[in-house]
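Presented below is the structure to which this report refers.
The values are calculated or read from the model by the stated rules, or taken from the named source; none is laboratory data. The shown structure was predicted, so the numbers you read here are calculated from the model rather than taken from an experiment. Cβ coordinates were reconstructed from backbone atoms using ideal geometry, including for glycine residues, and neighbour counts include every protein chain displayed.
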Amino acid sequence: MKKIQMNVPLVEMDGDEMTRIIWQSLKDILLIPYIDLKTEYYDLGLAKRDETEDQITVDAAMATKKYGVAVKCATITPNAQRVKEYNLKQMWKSPNGTIRAILDGTVFRTPIIVNGIKPLVIPWQKPITIARHAYGDIYKNVEYRVQGAGTAELVFTSQNGHQSRQIIHDFQDKGVIMGMHNLDGSIESFARSCFNYALDLKQDLWFSTKDTISKIYDHTFKDIFQEIYEQDYRGKFEAAQIEYFYTLIDDAVARVMRSEGGMIWACKNYDGDVMSDMVATAFGSLAMMTSVLVSPNGCYEFEAAHGTVTRHYYKHLQGEGTSTNSMATLFAWTGALRKRGEIDGIQELVDFAGKLEKASIKTIENGVMPRDLAQISDLASKQEVSTDGFLLEIKKTLDEMI
């Protein structure tokens, strides 16, 4: 078949470990044979980030602003052990955190549903989308290790020199301190993204924080959401016959566990990080979760919602076979290709992305799947395949559909 032509490149952000291996295999097997793939490539592997002192991460985010659509592989956020393992100059911050801070917006994560894999939470019948605020909180925090007795203060100095001071704690011994921040403008963008996404999907929107304890920080989120809803969205929601409501996060957890799903659950940055993993796992696997960052100015960054699958990577390095689930990485590519096609008016590209997604789901529903799904699938007949074997089986299904 004639390859599908692209006019504008995607921003391609390569990553680390096993997902980096899958990244190249997926391109070779499922993309390059069908598409004249145009990308502006950035290597966000840990070695390159260290070499460039993380400037390449900033460059990739700025390229996303320029071209509007990016696709990102999973990357390592180093801890002390990784600093030693990779001989890093320093403990670089999360590349996802850096990119999200530059692009702002909201991360929307939705599980990929396939027949034969039942959710672990019995009432869940429909996908639950986690809308995660993509700026601030602990991902932009400042931390301090207290070594002995002393007083910690929260100090704000205004531009005119006026200072406001509050005592955080009088330490009698060692301890830790953390400072977090957020911006009204970012919270407003988060709220509008969530309201618009709910209207697009015609689904109820839940929002949860802990404003009973955090009476200023979390309460600001609650107030901004409510103000924007009343000003600009109440009538639209009522016309669409969908609901917006706020509740405490502990109540939201209890209600979600008893629900049938089918809603959008908006969470602050850390809450969304944790809850999206819970939802993904309960629906089958961390590798069965789509993830897209939507910025207020219309930029889209699609990514795998899981990590770099380190354990499988070490097996791969030792020459052992692996059976790694590539669905989240595949859907990151299809999401980016679809959006690129929509923006550029290339219907062939949009259609191809849809066919590739259907082919991957059909392959699993036909009983051919990686190990993590084979262990939980209730299909009568299952065939466990290798990492590349799964991609090759999807290609067979795709070729039949084309």
Does region 321-329 include one or more residues that are in contact with a Cys (Cβ under 8 Å, 6 or more places away or on another chain) and either surrounded by 15 or more Cβ atoms within 10 Å (Cβ to Cβ) or among the hydrophobic types (A, V, I, L, M, F, W, C) (or both)? yes
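If you go through region 23-36 one residue at a time, do you hit one that is in a loop (DSSP other than H, G, I, E, B), surrounded by fewer than 19 Cβ atoms within 10 Å (Cβ to Cβ) and not assigned by TED's automatic domain parsing to the domain that holds D204?
Yes, there is a match, as at least one residue in region 23-36 is in a loop (DSSP other than H, G, I, E, B), surrounded by fewer than 19 Cβ atoms within 10 Å (Cβ to Cβ) and not assigned by TED's automatic domain parsing to the domain that holds D204.
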Can you find a residue that is at pLDDT below 95, over 19 Å from the mean Cα position of the chain (by Cα) and not aliphatic (A, V, I, L, M) anywhere in region 130-141? yes
For region 235-249, state whether one or more residues are assigned to a helix (DSSP H, G or I), β-branched (V, I, T) and either free of Cβ contacts under 8 Å to residues at least 24 places away in the same chain or crowded, with 17+ Cβ neighbours inside 10 Å (or both). yes
Residues of region 11-45 being farther than 17 Å from A74 by Cβ, within 23 Å of the chain's Cα centre (by Cα) and touching a residue at least 60 places away in the same chain (Cβ under 8 Å), which ones? L30, L31
Would you call L398 in a helix (DSSP H, G or I), under 22 Å from K339 (Cα atoms) and either more than 24 Å from the chain's Cα centre (by Cα) or not assigned by TED's automatic domain parsing to the domain that holds Q5 (or both)? yes
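Yes or no, residue by residue, for (1) assigned by TED's automatic domain parsing to the domain that holds A60; (2) touching a residue at least 24 places away in the same chain (Cβ under 8 Å); (3) crowded, with 21+ Cβ neighbours inside 10 Å:
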| position | (1), (2), (3) |
| --- | --- |
| D232 | no, yes, no |
| D251 | no, yes, no |
| S259 | no, yes, no |
| V279 | no, yes, yes |
| P296 | yes, yes, no |
| A305 | yes, yes, yes |
Condition set under 24 Å from I99 (Cα atoms) and acidic (D, E), scope region 131-186, selection surrounded by the most Cβ atoms within 10 Å (Cβ to Cβ): answer is D137
Residue by residue through region 191-230, note down the ones that are assigned to a loop (DSSP other than H, G, I, E, B) and either of a type in the set (D, E, K, R) or surrounded by fewer than 16 Cβ atoms within 10 Å (Cβ to Cβ) (or both). K202, D204, K210, D211, T212, I213, S214, K215, I216
Here are some residues: E384, E357, E365. Which one is touching a residue at least 12 places away in the same chain (Cβ under 8 Å), acidic (D, E) and in contact with a Lys or Arg (Cβ under 6 Å, 6 or more places away or on another chain)? E384
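The rows are residues; the columns are (1) in contact with a Ser or Thr (Cβ under 6 Å, 6 or more places away or on another chain); (2) under 21 Å from V309 (Cβ atoms); (3) part of a loop (DSSP other than H, G, I, E, B); (4) at pLDDT 90 or above.
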residue	(1), (2), (3), (4)
V58	no, no, no, yes
A63	no, no, no, yes
V83	no, yes, no, yes
Q90	no, no, yes, yes
N115	no, no, yes, yes
I122	no, no, yes, yes
R145	no, no, no, yes
A152	no, no, no, yes
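Just a yes or no: is a residue in region 309-317 part of a loop (DSSP other than H, G, I, E, B), polar (S, T, N, Q) and modelled with pLDDT under 95?
The answer is no, given that none of the residues of region 309-317 is part of a loop (DSSP other than H, G, I, E, B), polar (S, T, N, Q) and modelled with pLDDT under 95.
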